[in-house]
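Down below is the structure, laid out as structure tokens.
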Amino acid sequence: AERARVERRLASESDPVDVLVNNAGVGSAGPFFKLDPAGEQRQIDLNVTAVMQLTRAALPAMVKRGFGSVITISSMVANQPSPGMATYSATKAFGALFSETLFEELRGTGVTTTAVLAGYTRTEFGEHLDDVSLGEPPGIAWMDAEQVATHAVSSAVAGRALCVPGALYAVANALESPLPRGVRRLLMGRLSGFGIDRASRR
């Protein structure tokens, strides 16, 4: 019901919305076969279905006016398999590809979509993950939410399809992009430590 209320607000032509930010998201951590199916479904409902439905509600009025922007907060994990966060990484991959595809569909309309591949960001997000340790990244890997938001808005204003906030993540994105998918998959599996042997012992 609340989502429908937001959809109606986004679709208003008399009181237009210039910018939609798809920022709400939730994640889970741990071996997929041990996670609560209902929780995984709720994650898809929020990270995928809400993004699709709210974007669909906003675009017609934006296109009619010839102005508007949709910013979708994705993640660096959208670029590669992320053992231990299977559903989360898949939903973020959806958000990024969905946004980039719409960018091309909307070319020439005056409306843009920007996918934000955010890295580790200090928010309350981590407090809602399952109690499974994925390891603490080094301090240099963390960004403040305000920094990420500034990069995202600047990229949207500039009409860019993709935003990778932070020099560290921009370099990482550039380095990992040329790697074959099989190499990325193997590398992330080794780095995560969430192989079947570890999973079976938890």
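Which one is farthest from the chain's Cα centre (by Cα) among residues in the range 69-98 that are open to solvent by less than 20 Å² (accessible area, probe 1.4 Å) and under 11 Å from Thr114 (Cα atoms)? Across the range 69-98, the extreme among qualifying residues is Ser69.
In the range 110-133, of all residues being more than 15 Å from Arg56 (Cα to Cα) and over 18 Å from the mean Cα position of the chain (by Cα), the one that is modelled with the lowest pLDDT corresponds to Asp131. Within the range 3-50, the set of residues being among the hydroxyl-bearing types (Ser, Thr, Tyr) and surrounded by 13 or more Cβ atoms within 10 Å (Cβ to Cβ) comprises Ser28, Thr49.
The values are calculated or read from the model by the stated rules, or taken from the named source; none is laboratory data. These figures come from a predicted structure and were not determined experimentally. Please note: Cβ atoms are built from the backbone with ideal geometry, for glycine as well, and neighbour counts cover all protein chains shown. With ligands, DNA and RNA removed, areas are computed over all heavy atoms of the protein, side chains included. Shrake-Rupley method; radii C 1.70, N 1.55, O 1.52, S 1.80 Å.
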